[in-house]
1. Might you check whether a residue that is out of contact with any Leu (no Cβ under 8 Å at 6 or more places or on another chain), more than 25 Å from Ser285 (Cβ to Cβ) and surrounded by 17 or more Cβ atoms within 10 Å (Cβ to Cβ) occurs anywhere in the range 305-312?
2. Scan the range 61-82 residue by residue and report those that are at pLDDT below 95 and out of contact with any Cys (no Cβ under 6 Å at 6 or more places or on another chain).
3. May I ask you to say which residue of Lys314, Lys334, Lys293 is without any contact (Cβ under 8 Å) to a residue 60 or more places away in the chain and of a type in the set (Lys, Arg)?
4. For the range 352-407, enumerate the residues that are touching a Ser or Thr at 6+ places or on another chain (Cβ under 9 Å) and free of Cβ contacts under 8 Å to residues at least 12 places away in the same chain.
5. Restricting attention to the range 166-193, which residues are within 12 Å of the ligand (Cβ to nearest atom) and surrounded by fewer than 18 Cβ atoms within 10 Å (Cβ to Cβ)?
6. Are any residues in the range 40-59 of a type outside the set (Asp, Glu) and in contact (Cβ under 8 Å) with a residue 24 or more places away in the chain, and if so, which ones?
7. Pairs, please: C-beta under 7 Å, at least 6 apart or cross-chain, first residue touching a residue at least 24 places away in the same chain (Cβ under 8 Å) and in the range 237-257, second near the ligand (Cβ under 7 Å from one of its atoms) and aromatic (Phe, Trp, Tyr)?
8. Which members of the range 267-295 meet the condition of being within 16 Å of the ligand (Cβ to nearest atom), surrounded by fewer than 20 Cβ atoms within 10 Å (Cβ to Cβ) and closer than 17 Å to Asn214 by Cβ?
Amino acid sequence: MKNICVIGIGYVGLPTAAMFASKGHKVVGFDVNKKAVNALNRGEIIIEEPGLKELVKQVVESGNLTGSTECPEDSDVYIIAVPTPINPDKTADMRYVETATRSIVPNLREGNIVILESTSPPRTVEDLMLPILSESGLEMGTQVYVAHSPERILPGQVLYELRTNSRIVGGINDESAQAVKALYEDICEGEICITTATTAEMCKLMENTFRDVNIALANELAKMSEELGVNAWEVISLANKHPRVNLHSPGPGVGGHCIALDPWFLVEKSKNALLINQGRLINDSMPEYVFEKIKDTLGGFNGQLITLLGVTYKPDIDDVRESPIMKLWSMLKKEKVAVNACDPHANEKVGCMRDVYAACYRSSMVILCVNHKEFKDLDFDKIKELMEGDAILDTRNYFDRETVEKAGLKYMLLGDGRNK
Ligand code: SAJ
């Protein structure tokens, strides 16, 4: 059993803390967010993640997990899982990692383990963390073990993936990597691969960058398809029958605090990240591409009401961070367009409507932005009755064209250039 301090009890830190606590470790979730810490000590959570509420309640009641706004003094292991946002100029904002690292130094003891889980630019462990940790007077790698072990968990299935995904452990030396591997074997049934800290940083970034560049390819295909008179979704479906082709899906943009941000860490650090930079620009162009499509369909904005179905960054979760739909919504607000934004999952402070049909009432155009399960099998006859206009724009290939058209509505699909 070890005393573990998880610094940052957010989307990654809290599930990780709960998992270690469920294996008998004594875990303290250290966070500056008093609301999160107080909720934790009540056995509650402030994020939506299936199964997490029950697990947190169980380990808090067992006494193995507590929250604190102070860094505990007697930890054996420190896991840093704080945000690594991007500045407006697309450079990495590493202040939270730096602050978290500094908070460890006064309590650091021989034999301690320090793990960076936060997704970070290459060389963060070597160039940012080690000089700070060395202020303790202890020798890194022999008296204190240091590693980077990025998470790969998919929001919405976090607890399952924490347990089953393979993990990369990148140590500043082999002793560090071995010590951290032994620790993660308590919660991870997947393969645990050993490497260097900087290689681990690069792996994490390349995993998400691979996805972002492939989504950009799909978005570029959508634009080309509208230009050339084909349906991008049909091209993708047929091309993916090739055994080694996996075209991704177009959409109204790429959101989330990972795919939309991580590639910028490489653009900042390498002058060779040209394709990666272009991919980000293509994906970030999609909210405006959809905005222009709305404007063209309506023949300009003249007081119409518009309905956005879904504002989170992906289906069936509450997270709106970097959501492209939030960008689209603010573009419409800037043009003084009346918008009913409907989302059954977004947290209440976002200010969304919850009822689809109320959101469609007197609407000139309904845009399906996020394929939440609640938007499947809608009653389009009822929507037709409620709307003032008849335009339905599907940005996710989620609705059935025939069903929509049978109700007397005009169905448009992002990336479908047929019937131009
Ligand atoms: N998206 C598309 N088209 C696609 C796939 C996704 O437009 O074909 C959009 C989604 O709508 C969303 C965004 O991309 O706005 C990102 O969605 P996602 O499900 O791909 O990514 P995340 O951020 O929920 O999770 C990713 C995962 N990384 C990979 O799949 C390589 C997850 O494993 C990581 O742990 C996570 O980022 C992270 O925390 O880094």
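The values are calculated or read from the model by the stated rules, or taken from the named source; none is laboratory data. Keep in mind the model is a prediction, meaning the values are calculated, not measured. No Cβ is skipped: glycine too gets one built from the backbone with ideal geometry, and neighbour counts run over all protein chains shown. Side chains included, ligands, DNA and RNA excluded: accessible areas come from the protein's heavy atoms. Shrake-Rupley method; radii C 1.70, N 1.55, O 1.52, S 1.80 Å.
1. yes
2. Glu70, Cys71, Glu73, Asp74
3. Checking each option against the conditions leaves just Lys334.
4. Asp377
5. Within the range 166-193, Ser166 is the sole residue that qualifies.
6. Residues satisfying the conditions are Leu40, Asn41, Ile45, Ile47, Pro50, Gly51, Leu52, Leu55, Val56, Gln58, Val59.
7. Gly255/Tyr313; Gly256/Tyr313
8. Leu281, Asp284, Ser285
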